[in-house]
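Here's the structure, in structure tokens; my notes come after.
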Amino acid sequence: MGTLEGKTALVTGAASGIGRAVAARFATEGARLLVADRNAEGLALVASGLGARAFAYDAAIPGDAARMAAAAVATAGRLDILVNVAGAYHRAHFALLATADWERILRVNLTAVAETCQAALPALLAARGVIVNTASTAAVAGIAYAAPYAAAKAGVVALTRTLAAEFAHEGLRVNAVAPGRVRTAIAAGLAPLADAREGLARHPAKLAGFAEGAEPEAVAGVYAWLAGPDASYVTGQLVLADGGWSAG
Ligand SMILES: NC(=O)c1ccc[n+]([C@@H]2O[C@H](COP(=O)([O-])OP(=O)(O)OC[C@H]3O[C@@H](n4cnc5c(N)ncnc54)[C@H](O)[C@@H]3O)[C@@H](O)[C@H]2O)c1
């Protein structure tokens, strides 16, 4: 029997990468799945493969994440687990960063996560459920050219701890995973930046395997553990799944 048997889980960002791997792992663990993403086509493929209900939304549009979460909860009639994985990266020299890009990255990675948590909150409280958010190593160490992304992910860590403290007495657990480098579309889509200073970003080549990164499946189990009964006494925590990047 899977560790998430009988649980209903909503996974955002499930059309690709880490979110898709988390959804697949949760299905293996017996969860009933609701999946959400901006990429409706990719989402439909994942949903049909997993027997999940699909909810297209755009986290960049104010209120759309809340609409999506409310629709998912209404469809399922309950929610035990919310996993926020959807996210976007923007690489730029800070001196040249446009305010519109700052606001878009903050909205997609942080504000929409808060909106999703808020909309799902009544159902999660009713179920004495779990939230697992997605931060990044960028939240805990300086990474050049990543200002809005890093600020948003640090905000996700703060949001996670705040909600954990606010709702612990009501049985809701809230944790976050900080993946290190994972081989996904986000990581592959980062074009080289003109005039970037070599070696300025923290890329410790001394760590075996770090340059290549991990497959999304390598971090999916961390989400499953945090969502499951073996983590029943774990809340307000940031779990780094980074192959040792932050250790040395
Ligand atoms: N890949 C890495 O190295 C890495 C490292 C640390 C953290 N992360 C985080 O992991 C999460 C998943 O990223 P990934 O690496 O799997 O990349 P990915 O690009 O494969 O997945 C991101 C998903 O989010 C969706 N998305 C993007 N913008 C959206 C929007 N406006 N509305 C709704 N959905 C949207 C995309 O369609 C995609 O399916 C992100 O939050 C990312 O910041 C990734």
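Here are the numbers for the structure shown:
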read-out	value
Restricting region 7-42 to residues that are among the aliphatic types (A, V, I, L, M) and in contact with a Lys or Arg (Cβ under 9 Å, 6 or more places away or on another chain), the residue that is farthest from L106 (Cα to Cα)	A31
Residue list for region 166-192, restricted to those being small (G, A, S) and farther than 24 Å from L124 by Cα	G180, A185, A187, A188, G189, A191
Residue match in region 145-165 (condition: farther than 30 Å from L96 by Cα and at pLDDT below 85)	no
Selection from region 20-51 of residues that are under 21 Å from R78 (Cβ atoms), surrounded by fewer than 24 Cβ atoms within 10 Å (Cβ to Cβ) and among the small types (G, A, S)	A27, G30, A47, G51
Filter result for T8 (on the phi < 0 side of the Ramachandran plot and surrounded by 14 or more Cβ atoms within 10 Å (Cβ to Cβ))	yes
Filter result (within 18 Å of T12 (Cα to Cα), more than 9 Å from the ligand (Cβ to nearest atom) and either assigned to a helix (DSSP H, G or I) or among the aliphatic types (A, V, I, L, M) (or both)) within region 123-135	A123, L124, V130, I131, V132
Single residue of region 151-190 satisfying the filter (outside any helix (DSSP H, G or I) and more than 9 Å from the ligand (Cβ to nearest atom)) that is nearest to the chain's Cα centre (by Cα)	A176
Evaluation of A138 against (1) among the small types (G, A, S); (2) within 15 Å of the ligand (Cβ to nearest atom); (3) more than 19 Å from Y223 (Cα to Cα); (4) modelled with pLDDT under 95 (one fails), failing number	(3)
Matching residues in region 211-248 - criterion: being surrounded by fewer than 18 Cβ atoms within 10 Å (Cβ to Cβ), within 15 Å of the ligand (Cβ to nearest atom), in a helix (DSSP H, G or I) and not small (G, A, S)	E217
Subset tally (residues that are in contact with a strand residue (DSSP E or B) (Cβ under 8 Å, 6 or more places away or on another chain) and away from the ligand (no atom under 12 Å from the Cβ)) for region 7-53	16
Region 85-120 - residue that is away from the ligand (no atom under 14 Å from the Cβ) and not in a helix (DSSP H, G or I) and, of those, surrounded by the fewest Cβ atoms within 10 Å (Cβ to Cβ)	A98
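The values are calculated or read from the model by the stated rules, or taken from the named source; none is laboratory data. Owing to the predicted nature of the structure, the values given are computational and were not obtained by experimental measurement. Glycine also receives a Cβ, built like all others from the backbone with ideal geometry; neighbour counts cover every protein chain displayed.
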